[in-house]
Amino acid sequence: MKRILVTGACGQIGSELVKYLRNIFGAENVIATDIKKPSDFLKATDGFHYLDVLNMDELARLVVEEDVDTIFHMAAILSAVGEQNPQLAYRINLQGLMNVLEVARQKGVRQVFAPSSIAVFGPDAPKENTPDDTPLNPTTMYGVTKVAGEKLMQYYYLKYQLDTRSLRFPGIISSETAPGGGTTDFAVDLYVHAVHHQSYTSYIQADTPLPFMYMPDAIKAIVQLAQADDSRLSRRVYNVHAMRLTPAEIVRSIQKYLPDFECYYQPDHRQQIAESWPHSIDDQNARRDWNWQPDYDLDAMTRDMIEKLSQKLK
Ligand code: SER
């Protein structure tokens, strides 16, 4: 029987990952942890523990007491907040990951999944169809911690045979839990404002392309990679991609369903971060090794987002 611990369980991805994993493996086998106040859903199932990933003793205690064999390490500081406080981003993202890997090694955890990001790429990487193997020269602290994190995970795999796995996620769009402090958050804001207020002012310019993915595809990718037979994996870290979108394209898709919606543009410091990242990602290794394929395109995502957000509003 699998015993799973999720860090960052109250975050944008963590909250939906916990729900999904509990459906597959049973609520009692998925321990949700975070430093944030849990939602009613997490509290109600009573498998919630307050856990700061910087507290290694507490993490080790939980892993031993709960007999954990798999960790999904989702706790992180995102890119925009990371630029406001690079020292904090370094501690949470790198020391936090190092603690998870060390506890996993010492206590015999079998597998650790931790997400990476398109933020590992910098201005010198190819902008279109950026491959897995290309220069990694990020210009944000978030990107620096993700590059170092990928290398740490590879090191623990080679040195200690810890089964580490990672995905370089694009911006993730979702309706359940709001993202916090990322550069790609505007894409979620566009939908929320379209449903609630009819207008939005984007801090990213209309024609700036970025890679995106809808949350159900992101959850599917995590679980598919975690469950893939190790003999099929040619690498520990994979690019994954779903759609290349500009803010203007998302706005046009929303306007098909909500024609009165209007978007204004007022780029801020996050524009520079967005411009340092790729426009689209080559994910052929993931497609070949473990059959990665996204289900949602822009209009399918827009329909689902508007429906889910409208239901919540009611
Ligand atoms: N979505 C993240 C961010 O914008 C990138 O991984 O920070």
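Of all residues in region 275-295, those that are closer than 18 Å to residue 236 by Cβ and among the hydrophobic types (A, V, I, L, M, F, W, C) have Cβ atoms under 8 Å from Cβ atoms of residues that are in a loop (DSSP other than H, G, I, E, B) and away from the ligand (no atom under 16 Å from the Cβ), 6 or more apart or on another chain, in 281/129; 286/292; 290/228; 290/233.
Scan region 98-120 residue by residue and report those that are of a type outside the set (S, T, N, Q) and within 16 Å of the ligand (Cβ to nearest atom). Result: 113, 114, 115, 118, 119, 120.
When you look at residue 78, is it surrounded by fewer than 18 Cβ atoms within 10 Å (Cβ to Cβ), within 16 Å of the ligand (Cβ to nearest atom) and closer than 20 Å to residue 147 by Cβ, yes or no? Steps first, please.
On the way: surrounded by fewer than 18 Cβ atoms within 10 Å (Cβ to Cβ): no; within 16 Å of the ligand (Cβ to nearest atom): yes; closer than 20 Å to residue 147 by Cβ: yes.
So residue 78 does not fit the description; no.
Taking residues in region 161-177 that are under 22 Å from residue 274 (Cα atoms) and among the acidic types (Asp, Glu), and partners anywhere that are assigned to a strand (DSSP E or B) and within 8 Å of the ligand (Cβ to nearest atom), not one pair has Cβ atoms closer than 6 Å while being at least 6 places apart or on different chains. Restricting the first member to region 141-153 and to residues that are within 12 Å of the ligand (Cβ to nearest atom), and the second to residues that are part of a helix (DSSP H, G or I) and of a type in the set (D, E, K, R), the beta-carbon pairs closer than 7 Å and six or more apart or on different chains are 141/83.
Can you pull out the strands (runs of 3 or more DSSP E) entirely within region 127-235 that have at least 1 residues that are β-branched (Val, Ile, Thr)? Lay out the reasoning, then the answer.
On the way: elements: 163-169, 171-173, 199-202, 210-214.
Where strands (runs of 3 or more DSSP E) fall fully within region 127-235 and carry at least 1 residues being β-branched (Val, Ile, Thr), they are 163-169, 171-173, 199-202.
Among the residues of region 123-149, just one is surrounded by fewer than 22 Cβ atoms within 10 Å (Cβ to Cβ), under 27 Å from residue 85 (Cβ atoms) and charged (D, E, K, R), namely 124.
For region 262-298, how many residues are hydrophobic (A, V, I, L, M, F, W, C) and within 16 Å of the ligand (Cβ to nearest atom)? First the steps, then the outcome.
To start, the set of residues in region 262-298 that are hydrophobic (A, V, I, L, M, F, W, C) comprises 263, 273-274, 277, 281, 286, 290, 292, 298.
Pick out the ones that are also within 16 Å of the ligand (Cβ to nearest atom) and you get 273-274, 277, 281.
So the answer is 4.
Residues in region 103-122 that are surrounded by 18 or more Cβ atoms within 10 Å (Cβ to Cβ), more than 15 Å from residue 281 (Cβ to Cβ) and not small (Gly, Ala, Ser): 5 in all.
Can you name every residue in region 236-252 that is in a helix (DSSP H, G or I) and either under 30 Å from residue 3 (Cβ atoms) or in contact with a Cys (Cβ under 6 Å, 6 or more places away or on another chain) (or both)? Hit for region 236-252 is 251, nothing else.
Throughout, read-outs are computed from the coordinates displayed, never taken from laboratory work. Please read these numbers as outputs of a predicted model, since none were measured by experiment. Cβ: placed from backbone, ideal geometry, glycine included. Neighbour counts: every protein chain shown.
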